[in-house]
There are 2 protein chains.
Amino acid sequence: MTEITDIAAYMAGLGAKARTASRRLASATTGEKNAALNAIADDLDSNRAVLMVENKKDLEAGATKGLDAALLDRLELTPARIDSMIEGLRQIAGLPDPIGEIFDMNYRPSGIQVGRMRVPLGVIGIIYESRPNVTADAAALCLKSGNATVLRGGSEAFHSNQAIAAGIQRGLEQAGLPADAVQVLATTDRAAVGCMITMPESIDVIIPRGGKGLIERISRDARVPVIKHLDGICHVYIDDQADIGKAFDVTMNSKTQRYGTCNTLETLLVAEDIAEEALLMLAAPLQEKGVELRGCPRTLEIIDNAIAATEEDWDTEYLGPILSIRVVQDLDAAIDHINTHSSQHTDSIITENYTRARRFLAEVDSSSVMVNASTRFADGFEYGLGAEIGISTDKFHARGPVGLEGLTSVKYIVLGDGHIRQ
Amino acid sequence: MTEITDIAAYMAGLGAKARTASRRLASATTGEKNAALNAIADDLDSNRAVLMVENKKDLEAGATKGLDAALLDRLELTPARIDSMIEGLRQIAGLPDPIGEIFDMNYRPSGIQVGRMRVPLGVIGIIYESRPNVTADAAALCLKSGNATVLRGGSEAFHSNQAIAAGIQRGLEQAGLPADAVQVLATTDRAAVGCMITMPESIDVIIPRGGKGLIERISRDARVPVIKHLDGICHVYIDDQADIGKAFDVTMNSKTQRYGTCNTLETLLVAEDIAEEALLMLAAPLQEKGVELRGCPRTLEIIDNAIAATEEDWDTEYLGPILSIRVVQDLDAAIDHINTHSSQHTDSIITENYTRARRFLAEVDSSSVMVNASTRFADGFEYGLGAEIGISTDKFHARGPVGLEGLTSVKYIVLGDGHIRQ
């Protein structure tokens with residue numbers, strides 16, 4: 001890696017180039033953008049050997065530094081992961097172009113015709129941790145949505161990210177788009193992150209992808225908007241008018257289909273009148289799968305082998321085979337618990353009662369609210385967005401799974417025939 | 001005014017009350033919200049004498065403090081202004097309720113049905129300057145969109161704002177909604193503003209309304225999102241294929257219909273091939289209206305009595321009877337000038353050429369882009385939003401005139417029948 005001594009000057013230059021490239025990208029045609037995405041896919045495909053050599057440098061440095069096995073695994077670019085990176089690029093090329101969409105076009109009493117047109121945000125900064133495939137995924141989503149991108153990956157993936165970046169820039173140039181439309185920082189100096197999140201003149205929005213610590217730090221210090229994803233403390237509430245079979249299926253799937261994802265169930269709420277039936281049905285199958293159960297006092301009366309939950313459990317994202325369980329009086333108590341302890345990610349009610357389903361949908365203030373469905377569905381692909389750059393737990397701008405539309409803005413367009421205001 | 005000694009504690013308490021009230025407001029029915037708006041209107045109507053007495057205190061204090069005539073005028077609550085405040089409340093009651101709207105509801109291959117539901121943002125902080133009628137307008141828009149509000153008006157309008165706030169709170173209670181849903185700060189201490197913009201746990205978004213200095217200061221220091229409106233440096237570009245009559249009408253209206261508004265024309269761009277015809281036609285009528293013309297060298301060759309524009313003119317929002325004029329080579333040069341100097345507020349092209357109109361709409365990166373229409377149309381009422389809390393020059397979340405929809409977020413809703421993820 002070349003030595004960069006003046007980080008502020010380097011970042012300012014890089015930001016200015018991104019801004020210039022973003023102007024060109026904003027008016028790139030759908031054909032140009034898709035050609036670039038396919039050219040990038042072809043380039044990575046024909047440079048697999050280079051990618052793996054560069055990745056090996058990172059893996060060896062990581063092992064020397066004593067990175068743990070999980071981190072080394074995330075860092076590795078296996079042939080299957082390169083396949084999926086290439087496949088992802090082609091899929092994004094196949095998605096509809098969000099830019100230029102015109103909607104809500106209506107005549108007003110004054111005679112003007114007013115509508116809205118979807119446009120790019122401008123320059124998007126992405127700050128992420130060890131997985132190098134994020135470089136290609138994030139760049140592709142930003143490119144398709146007409147945005148220039150500045151990427152800062154984890155220092156442990158430096159060589160892998162540079163190799164992917166080189167392929168991206170060759171693909172852009174081949175399609176006649178500026179290589180500066182996607183720039184990966186050529187330094188691992190942490191000061192560069194500080195610059196990146198405080199350059200409103202060059203970067204319009206920051207998307208951090210990584211652990212909660214990283215995201216909190218960036219949100220606190222950023223001087224530009226941040227699309228952030230903090231915890232996923234998701235709930236299933238089994239209402240006393242639940243279909244017990246659905247309650248079983250949805251609870252088991254929400255908790256055990258995958259443990260480490262943000263849309264995994266963490267706290268199960270059960271209405272008092274159905275608690276005995278539901279918990280006796282669920283406890284053994286959950287425990288057979290190795291799930292540790294932590295219950296409220298009433299839960300402990302019903303099931304064996306559960307340990308007592310503490311207040312802290314209601315606010316914890318386990319990301320593992322642990323489930324906290326609380327018996328609540330009724331729907332009001334369930335909504336109250338959720339609106340107090342949920343991270344506003346995804347919460348689901350199991351009920352056959354129309355009025356309660358409707359109230360849960362209206363009153364639970366989370367980015368995804370479900371009836372009789374597994375929390376594991378909270379995902380850009382499952383929702384039909386075609387792709388996902390992350391899940392926003394904010395309410396501002398984008399909420400829930402963020403696909404291409406979340407990377408855009410809209411402007412008003414007005415068509416007249418010499419109209420003037422009276 | 002009662003003395004508040006611990007500002008931080010006062011603001012934390014007020015914020016917590018707003019958060020609690022926002023939960024109730026989020027599930028308030030359309031009927032409840034409209035009843036509250038009409039009750040507030042009735043209350044202000046029957047308390048006109050009190051409003052005017054309290055306003056008089058502010059006017060007298062202002063005169064003693066030596067406020068200038070323009071400021072004292074803005075501060076005054078005349079009977080006509082009270083009428084319009086009351087009428088505004090009733091109009092907002094008559095608008096459709098944005099909250100709870102469900103859209104984009106579709107079945108997915110997995111069998112779940114996914115859509116989106118419009119929800120309030122939560123708690124909105126409004127910081128504004130001297131005009132006390134903003135208190136009622138802003139509170140009404142936030143209330144209708146299901147948000148709690150914390151308002152901090154100008155210190156010079158303190159008594160007027162308190163009197164309006166009392167009426168709002170009585171109206172809320174009469175409709176069975178919490179009085180805390182709208183709180184006006186009971187202090188003029190500037191430290192309270194510092195607290196208000198750094199309380200993400202209690203306030204979700206800040207909307208500053210006032211001069212550029214205020215807005216820049218708040219944007220710089222805020223720790224929550226800000227919907228901001230900076231300059232309105234608006235352009236009209238007269239293309240060489242313009243209909244000269246439309247060029248005349250739109251230019252005159254854009255510049256002279258009102259001088260002090262943000263959507264007023266500030267810089268006129270004219271294509272070289274039509275410059276002589278257009279400028280000779282426009283110069284005298286503009287000057288007859290008292291508009292000072294500041295031109296580029298080519299402009300000065302064509303018209304008399306214009307003074308030379310400096311580089312600074314291209315970046316200046318005059319908010320008065322001054323117009324800068326620049327002759328440009330063609331559409332490319334016009335778009336380039338606009339994307340360099342415009343404040344991304346509102347820009348209009350006058351042309352009969354289909355391709356150029358289409359390019360201008362796509363390539364000018366402003367919140368309102370127009371063809372053959374006066375820039376003065378950039379306004380929430382003219383666009384059919386029914387009301388407007390401001391015009392956003394940001395791209396994030398809300399852009400252009402912000403009505404009720406800009407004060408909302410959306411969540412995903414998922415309906416299943418016991419569906420689980422495979």
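Numbers for the structure displayed
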{"item": "Residue tally, condition surrounded by fewer than 17 Cβ atoms within 10 Å (Cβ to Cβ) and either over 30 Å from A:ALA70 (Cα atoms) or within 11 Å of chain B (Cβ to nearest Cβ) (or both), over region A:250-280", "result": "7"}
{"item": "Qualifying strands (runs of 3 or more DSSP E) (wholly inside region B:380-422; at least 1 residues being among the small types (Gly, Ala, Ser) and under 15 Å from B:MET117 (Cα atoms))", "result": "B:408-419"}
{"item": "Lone qualifier among A:PRO79, A:PRO120, A:PRO98 - being surrounded by fewer than 16 Cβ atoms within 10 Å (Cβ to Cβ) and of a type outside the set (A, V, I, L, M, F, W, C)", "result": "A:PRO79"}
{"item": "Conditions (1) in a helix (DSSP H, G or I); (2) among the charged types (D, E, K, R); (3) in contact with a helix residue (DSSP H, G or I) (Cβ under 8 Å, 6 or more places away or on another chain); (4) surrounded by fewer than 19 Cβ atoms within 10 Å (Cβ to Cβ): number failed by A:GLU312", "result": "(3)"}
{"item": "Some residue of region A:340-352 being at the interface with chain B (Cβ under 7 Å from one of its Cβ atoms) and free of Cβ contacts under 8 Å to residues at least 60 places away in the same chain", "result": "no"}
{"item": "Segments classed as helices (runs of 4 or more DSSP H), wholly inside region B:165-277, with at least 2 members that are touching a residue at least 24 places away in the same chain (Cβ under 8 Å) and closer than 30 Å to B:ALA373 by Cα", "result": "B:244-256"}
{"item": "Subset tally (residues that are at pLDDT below 95 and small (Gly, Ala, Ser)) for region B:228-277", "result": "2"}
{"item": "Residue match in region A:112-125 (condition: under 17 Å from A:ALA186 (Cβ atoms) and in a strand (DSSP E or B))", "result": "yes"}
{"item": "Tally of residues being out of contact with any Leu (no Cβ under 7 Å at 6 or more places or on another chain) and either surrounded by 13 or more Cβ atoms within 10 Å (Cβ to Cβ) or not assigned by the TED database to the domain that holds A:ARG131 (or both) across region A:54-72", "result": "6"}
{"item": "Positions within region A:51-68 being β-branched (Val, Ile, Thr) and either under 21 Å from A:ALA41 (Cα atoms) or at pLDDT below 95 (or both), in sequence order", "result": "A:VAL53"}
{"item": "Which numbered condition B:MET85 fails, given (1) out of contact with any Leu (no Cβ under 8 Å at 6 or more places or on another chain); (2) away from chain A (no Cβ under 14 Å)", "result": "(1)"}
{"item": "Scope region A:401-420; condition in contact with a Gly (Cβ under 6 Å, 6 or more places away or on another chain) and at the interface with chain B (Cβ under 7 Å from one of its Cβ atoms); matching residues", "result": "A:TYR412, A:ILE413, A:HIS419"}
{"item": "First in region A:24-46 and modelled with pLDDT under 95, second anywhere and in a helix (DSSP H, G or I) and hydrophobic (A, V, I, L, M, F, W, C), Cβ under 7 Å, 6 or more apart", "result": "A:SER27/B:ALA362"}
{"item": "Selection count, region B:205-227, where residues are in contact with a strand residue (DSSP E or B) (Cβ under 8 Å, 6 or more places away or on another chain) and either closer than 17 Å to A:ALA222 by Cα or modelled with pLDDT under 85 (or both)", "result": "10"}
{"item": "Hey, A:ALA333 of a type in the set (A, V, I, L, M, F, W, C), in a helix (DSSP H, G or I), more than 23 Å from A:PRO285 (Cα to Cα) and under 27 Å from the mean Cα position of the chain (by Cα) or not", "result": "no"}
{"item": "Flag for B:ARG152 being charged (D, E, K, R), modelled with pLDDT of 95 or more and not assigned by the TED database to the domain that holds B:VAL369", "result": "yes"}
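Residues are listed down the side, and each one gets a yes or a no for (1) among the charged types (D, E, K, R); (2) on the phi > 0 side of the Ramachandran plot; (3) surrounded by 21 or more Cβ atoms within 10 Å (Cβ to Cβ); (4) facing chain B (nearest Cβ under 10 Å):
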{"residue": "A:VAL364", "(1), (2), (3), (4)": "no, no, yes, yes"}
{"residue": "A:VAL369", "(1), (2), (3), (4)": "no, no, yes, yes"}
{"residue": "A:ASN372", "(1), (2), (3), (4)": "no, yes, yes, yes"}
{"residue": "A:ALA378", "(1), (2), (3), (4)": "no, no, yes, yes"}
{"residue": "A:GLY386", "(1), (2), (3), (4)": "no, yes, no, no"}
{"residue": "A:LYS395", "(1), (2), (3), (4)": "yes, no, yes, yes"}
{"residue": "A:ARG399", "(1), (2), (3), (4)": "yes, no, yes, yes"}
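The values are calculated or read from the model by the stated rules, or taken from the named source; none is laboratory data. Computed from a predicted structure; not experimentally measured. Because the Cβ atoms are built from the backbone with ideal geometry, glycine has one as well, and the counts that use them run over all protein chains shown.
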